[in-house]
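These notes are about the structure you will find just below.
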Amino acid sequence: RATLDLDMQNLAQQVVRETVDALRPNYDLNNGALLALKPGTAEILAMVGSADFHNDAIAGQVNVVTSRRQPGSALKPLIYATALDDNLVSPATVLWDLPVEYPQPNGDVYQPHNYDDRFHGPVTVRTALANSYNIPAVKVLAAYGVAPMVDRLRRFGITTLDQDNAWYGLSLALGGSEVTLLDLTTAYQALANGGRFLPAQSVRTLVDGQGQADATDLAQSGTPVVSPAAAFLVTDILGDNAARTPMFGAESPLVLSQPAAVKTGTTNDLRDNWTVGYTRFLVTGVW
């Protein structure tokens, strides 16, 4: 027996299709994908691989949930959670959002910019993450070290970080390396699960040739990737509407009828747009 919740699956398919149709006239957008998991077991409750399976114009039979895409800023919560876990920063740590240059081995200079093309001066970690400022995130990654951070992100289940550690650079903080919606949503499940990683599960019950069912125990403890305290702090920041108001406004679409942690991610050309959100009862990633 699969873990899919049929009602949730039907609703997810409807929402993806209707949202893509609604946005198409004003945006260069023709496809979408969604994955919903249950915290604590990582059961796949709904998976929508494309807006229209039968539409060849959007390669509708390609499952975007398992396709590599650039995550934009959606990796930042994992980076900050790791830095919080190792006591490199706290939510109150002040980071300077000012112009910065990083000389590269090839002679180039990496100069990260914020998506609003402004600098915000001294900001706390809470403010930096809630508003998704780029420069503070790059500074945290630089202070932690790219190679050890890549190792930690793999523990979150980001399997697409499959190059040698030396291949990655500071742009990792801004989504410079591709991930899948499956991996990213599963990684957020670890935040919703008190810092414990579980691989996504698609099967709840196996049936043998005699029709005998063997129920799979999905209630596992998981593998600790960050402390419960670090997971709680990131969750609290991602649910702090007052903290994100400067960039998103006080009444943005991120405000729901109940408390929820949420993070967006967008690439420079708006080719990839992500939102991953969660409560204690549900984790959902959308591309």
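The values are calculated or read from the model by the stated rules, or taken from the named source; none is laboratory data. Worth saying up front: this structure is predicted, and the values here are computed from it rather than measured. With ideal geometry, Cβ positions are generated from the backbone for all residues, glycine too; neighbour counts draw on all protein chains shown. All accessible areas refer to the heavy atoms of the entire protein, side chains included, with ligands and DNA or RNA removed. Shrake-Rupley method; radii C 1.70, N 1.55, O 1.52, S 1.80 Å.
Testing THR275 on (1) more than 14 Å from the chain's Cα centre (by Cα); (2) closer than 30 Å to ASN63 by Cβ, one condition comes back false. Which one is that?
With respect to (1) more than 14 Å from the chain's Cα centre (by Cα); (2) closer than 30 Å to ASN63 by Cβ, THR275 is out only on (1).
Tell me which residues, restricted to region 92-127, are free of Cβ contacts under 8 Å to residues at least 40 places away in the same chain, closer than 19 Å to SER171 by Cβ and either touching an Asp or Glu at 6+ places or on another chain (Cβ under 8 Å) or among the polar types (S, T, N, Q) (or both).
ASN106, VAL109, GLN111, ASN114, PHE119 - these are the residues of region 92-127 that are free of Cβ contacts under 8 Å to residues at least 40 places away in the same chain, closer than 19 Å to SER171 by Cβ and either touching an Asp or Glu at 6+ places or on another chain (Cβ under 8 Å) or among the polar types (S, T, N, Q) (or both).
Please find, among TYR144, TYR102, the residue that is crowded, with 18+ Cβ neighbours inside 10 Å and modelled with pLDDT of 95 or more. Please lay out each step first, then the result.
Working: TYR102 fails: crowded, with 18+ Cβ neighbours inside 10 Å.
When all the criteria are applied, what remains is TYR144.
For every residue, the table says whether it meets (1) touching a residue at least 12 places away in the same chain (Cβ under 8 Å); (2) farther than 21 Å from ALA2 by Cα; (3) part of a helix (DSSP H, G or I); (4) open to solvent by 40 Å² or more (accessible area, probe 1.4 Å).
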position: ALA166; (1), (2), (3), (4): yes, yes, yes, yes
position: SER171; (1), (2), (3), (4): yes, yes, yes, yes
position: GLY176; (1), (2), (3), (4): yes, yes, no, no
position: LEU182; (1), (2), (3), (4): yes, no, yes, yes
position: THR185; (1), (2), (3), (4): yes, no, yes, no
position: TYR188; (1), (2), (3), (4): yes, yes, yes, no
position: LEU191; (1), (2), (3), (4): yes, yes, yes, no
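If I ask for residues that are in contact with a helix residue (DSSP H, G or I) (Cβ under 6 Å, 6 or more places away or on another chain) and modelled with pLDDT under 95, which ones from region 160-204 would you list?
Listed by number, the list holds a single entry, GLY175.
Looking only at region 193-205, count every residue that is buried (at least 16 other Cβ atoms within 10 Å of the Cβ) and either touching a Leu at 6+ places or on another chain (Cβ under 7 Å) or of a type in the set (Val, Ile, Thr) (or both) and tell me the total. Walk me through it before giving the result.
Quick first cut of region 193-205, residues buried (at least 16 other Cβ atoms within 10 Å of the Cβ) only: 193-198, 200-201, 204.
Going one step further and asking which of them are either touching a Leu at 6+ places or on another chain (Cβ under 7 Å) or of a type in the set (Val, Ile, Thr) (or both), we end up with 200-201, 204.
Number of matching residues: 3.
Collect the residues in region 32-68 that are open to solvent by less than 50 Å² (accessible area, probe 1.4 Å), outside any loop (DSSP other than H, G, I, E, B) and within 29 Å of GLY239 (Cβ to Cβ), keeping them in residue-number order.
Answer for region 32-68, where residues must be open to solvent by less than 50 Å² (accessible area, probe 1.4 Å), outside any loop (DSSP other than H, G, I, E, B) and within 29 Å of GLY239 (Cβ to Cβ): LEU34, LEU35, ALA36, LEU37, GLU43, ILE44, LEU45, ALA46, VAL48, VAL64, VAL65.
Please indicate, with yes or no, whether at least one residue in region 90-97 is farther than 30 Å from MET47 by Cβ, out of contact with any Leu (no Cβ under 9 Å at 6 or more places or on another chain), open to solvent by 50 Å² or more (accessible area, probe 1.4 Å) and among the aromatic types (Phe, Trp, Tyr).
There is at least one residue in region 90-97 that is farther than 30 Å from MET47 by Cβ, out of contact with any Leu (no Cβ under 9 Å at 6 or more places or on another chain), open to solvent by 50 Å² or more (accessible area, probe 1.4 Å) and among the aromatic types (Phe, Trp, Tyr).
Return the residues of region 137-164 that are assigned to a helix (DSSP H, G or I) and under 18 Å from the mean Cα position of the chain (by Cα); say none if nothing qualifies. I'd like the intermediate steps shown before the answer.
Of the residues in region 137-164, the ones assigned to a helix (DSSP H, G or I) are 137-144, 146-155.
Residues satisfying the conditions are ALA137, VAL138, VAL140, LEU141, MET149, VAL150, ASP151, ARG152, LEU153, ARG154, ARG155.
Which pairs have Cβ atoms under 7 Å, sit 6 or more apart or on different chains, and link a residue in region 215-228 that is open to solvent by less than 20 Å² (accessible area, probe 1.4 Å) to one that is at pLDDT 70 or above and of a type in the set (Val, Ile, Thr)?
Listed by first residue and then by second, the contacts come to LEU218/THR41; VAL226/THR82.
Going by the structure shown, is GLY157 at positive phi, surrounded by fewer than 20 Cβ atoms within 10 Å (Cβ to Cβ) and at pLDDT 95 or above? First the steps, then the outcome.
Numbers: at positive phi: yes; surrounded by fewer than 20 Cβ atoms within 10 Å (Cβ to Cβ): no; at pLDDT 95 or above: yes.
Here the answer is no, as GLY157 does not meet what is asked.
What about ASP117, is it part of a loop (DSSP other than H, G, I, E, B), open to solvent by less than 70 Å² (accessible area, probe 1.4 Å) and more than 20 Å from VAL262 (Cα to Cα)? Walk me through it before giving the result.
On the way: part of a loop (DSSP other than H, G, I, E, B): yes; open to solvent by less than 70 Å² (accessible area, probe 1.4 Å): no; more than 20 Å from VAL262 (Cα to Cα): yes.
The answer is no for ASP117.
For ASN10, only one of the following conditions fails: (1) surrounded by 14 or more Cβ atoms within 10 Å (Cβ to Cβ); (2) modelled with pLDDT of 95 or more. What is its number?
Status for ASN10: all satisfied but (1).
Identify all residues within region 234-287 that are open to solvent by 40 Å² or more (accessible area, probe 1.4 Å), in a helix (DSSP H, G or I) and within 17 Å of TYR115 (Cβ to Cβ); write none if there are none.
Selection gives THR245, PRO246, MET247, PHE248.
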